[in-house]
Amino acid sequence: MSDLAASGMFLPSQTLGSVLCCICGVSMPPNPANMCVRCLRSRVDITEGLPRHASLVYCPECRCYLQPPRTWIRADLESKELLTFCLRRLKPLTRHVRIVNAEFVWTEPHSKRIKLRLRVQKEALNGAILEQSHLIEFTQLDNLCESCSRFQANPDQWVAAVQLRQHVSHRRTFFHLEQLILRHGAAARTLRIKETDRGVDFFFGNRSHAIKFIDFISSSVPVQSRSDKQLVSHDPKSNTYNYKHTFSVEICPICREDLICLPPKVSNSLGNLGPLVLCTKVSNNILLLDPFTLRTSYLDAKQYWGSPFKALLSSRQLVEYIILDVEMDSSEISVGGSKYALAYAQVAKLSDFGKNDNIFTVRTHLGHLLNPGDYALGYDLYGANINDFEVDKYRSLDLPHAILVKKSYEEKRQKRGGKGRSWKLKSLTMEIDNGKGRMDEEKRANDYEEFLRDLEENPELRFNISLYQNKDYEISEMGSSTVGGDEVPLVSLDELIAELAISDEEESNSGSMVE
């Protein structure tokens, strides 16, 4: 056609023809029914026979909807999950019409009604396709699910229990796990949580919920687990069994800042790493750092539990040193996402400083942080009584006098005073044994304070943790973050989350507006 037009030939303009409607005589574009849209809709109703009312079984306790026969799906009002669930309930409609669009129609939250507006298409007369709107109203029928009804009858009637344990002298790992659980909502299905001496117990109303929770813990820390079950009841007529399942989950006893002497077998498998190494990070893998060569290696849960070992010294045995002189040995490099620099440092034990002349020259990986006059926390291998079989296996191993682990800000914090923090953390609702003594409570408070200081000093630990603004913190204190020309690590306001709170005055105002 374009070639003919280019040649200069005359081409008549093409126009779309129109016909008259066979009912009302209105001019219209031709269609297979020879009827205008208004007449076609007045004589053909494609929504005839489609349901306009349906019901949904809803559990008000856990906000779940029943998908027959026994599956409960959690969905919020006007969410994508609820829209998908409602359309699945309308699956028989697709045999008669084609659903083009679906949207919610707003209803009062307490009305127990969910309205859904659909746009459906169907072939009408002689192949003409007609599109029409169709409104369906769902009625919520309240009915407690199996786990909620069991919990309402007896809160102690659980089906699965997860016993989380770690055999160390502190609880900082559990404080960190608590924040990860809150961040990801991993404990939303728990019936209750109980704190024990060496860990935490989580109780669930369903075995699958407990298994999903264990999978989350396994993705956060290296663990090994085993399970057991006990028969509760048996119905021989229907051949059904009711069990109580117990899962014992043990967390790896290696924690961040621990000093480790690797067994020869593990050291060889990691490329002759160490044998003296520091644990710098614990996730689903353990990151080990050689502080003398800056070599690193990852150790996963399978490798660790295949050849388990314990820490030579833990963070509770850290000793404070004063830095007398620093001589850099290498430039600053990035290893495993963190920055290090090798250096030789002259150190003296703070408790012995001025009492004797014990000064040590040690090799450290903190050369980029330390300056003469600073304080550092490290392990005193010169005066420590070490009884470890792994150390005895290395006959030619010369232990250093000290190994520095991190820079200390304790003196600067004391000069800064006991001022509060501009942030706070949320906690899980736990049952705590009231029979604990005063010493146990002080020990727990000290562990929690150490955990908060670790969050301030290490930004990597704050990566998956939600920090909230502390309303009780005075704004005038915000400027006092430097002491003696050196900064004390603080959490910036950009990392904080404002808590959503509705005051009584706002509630009354909103109530008057509704009326």
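The values are calculated or read from the model by the stated rules, or taken from the named source; none is laboratory data. Computed from a prediction, not measured in an experiment: that's the story for all the values here. Here Cβ is always computed from backbone atoms with ideal geometry, including for glycine, and neighbour counts include all displayed protein chains. Accessible surface areas use protein heavy atoms only, side chains included; no ligands, DNA or RNA. Shrake-Rupley method; radii C 1.70, N 1.55, O 1.52, S 1.80 Å.
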The range 114-153, subset of a type outside the set (A, V, I, L, M, F, W, C) and closer than 14 Å to I99 by Cβ, residue surrounded by the fewest Cβ atoms within 10 Å (Cβ to Cβ): S133
Per-region count, the range 272-308, residues of a type in the set (D, E) and either under 20 Å from L397 (Cα atoms) or surrounded by 18 or more Cβ atoms within 10 Å (Cβ to Cβ) (or both): 1
Of the criteria (1) in a loop (DSSP other than H, G, I, E, B); (2) more than 30 Å from Q224 (Cβ to Cβ); (3) open to solvent by less than 50 Å² (accessible area, probe 1.4 Å); (4) among the small types (G, A, S), which one A311 fails: (2)
Unmet criterion (only one of (1) modelled with pLDDT of 90 or more; (2) open to solvent by 50 Å² or more (accessible area, probe 1.4 Å); (3) of a type in the set (S, T, Y); (4) farther than 30 Å from V335 by Cβ) for S219: (4)
Failed item in (1) more than 28 Å from the chain's Cα centre (by Cα); (2) surrounded by fewer than 13 Cβ atoms within 10 Å (Cβ to Cβ), with G185 passing the rest: (1)
Condition check for L50: outside any strand (DSSP E or B), modelled with pLDDT of 80 or more and closer than 18 Å to E137 by Cα: yes
Which numbered condition S55 fails, given (1) surrounded by 15 or more Cβ atoms within 10 Å (Cβ to Cβ); (2) assigned to a strand (DSSP E or B): (1)
Search result, residues across the range 83-113 that are among the polar types (S, T, N, Q) and surrounded by 15 or more Cβ atoms within 10 Å (Cβ to Cβ): T107
Within the range 190-204, considering residues that are without any contact (Cβ under 8 Å) to a residue 60 or more places away in the chain and in contact with a Phe, Trp or Tyr (Cβ under 6 Å, 6 or more places away or on another chain), the one farthest from Y468 (Cα to Cα): F203
Selection count where residues are at pLDDT below 90 and either of a type in the set (A, V, I, L, M, F, W, C) or part of a strand (DSSP E or B) (or both), scope the range 176-185: 0
Members of the range 426-479 found to be modelled with pLDDT under 85, within 28 Å of R189 (Cβ to Cβ), among the aliphatic types (A, V, I, L, M) and part of a helix (DSSP H, G or I), listed by number: L461
Long-range neighbours under 8 Å by Cβ, at least six apart or interchain, first residue within 12 Å of V347 (Cβ to Cβ) and without any contact (Cβ under 8 Å) to a residue 40 or more places away in the chain within the range 384-408, second among the acidic types (D, E) and assigned to a strand (DSSP E or B): none
Strands (runs of 3 or more DSSP E) contained entirely in the range 85-173, each with at least 3 residues that are acidic (D, E): 129-142
Subset of the range 1-22 (residues that are open to solvent by less than 80 Å² (accessible area, probe 1.4 Å), hydrophobic (A, V, I, L, M, F, W, C) and either in a loop (DSSP other than H, G, I, E, B) or modelled with pLDDT of 75 or more (or both)): L11, V19, C21
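For every residue, the table says whether it meets (1) surrounded by 19 or more Cβ atoms within 10 Å (Cβ to Cβ); (2) in contact (Cβ under 8 Å) with a residue 40 or more places away in the chain; (3) among the polar types (S, T, N, Q).
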site: G336; (1), (2), (3): no, yes, no
site: V347; (1), (2), (3): yes, yes, no
site: L350; (1), (2), (3): no, no, no
site: D357; (1), (2), (3): no, no, no
site: F360; (1), (2), (3): no, yes, no
site: T364; (1), (2), (3): yes, yes, yes
site: G367; (1), (2), (3): yes, yes, no
site: G373; (1), (2), (3): no, yes, no
Residue in the range 64-82 that is open to solvent by less than 80 Å² (accessible area, probe 1.4 Å), part of a helix (DSSP H, G or I) and under 24 Å from R119 (Cβ atoms) present: yes
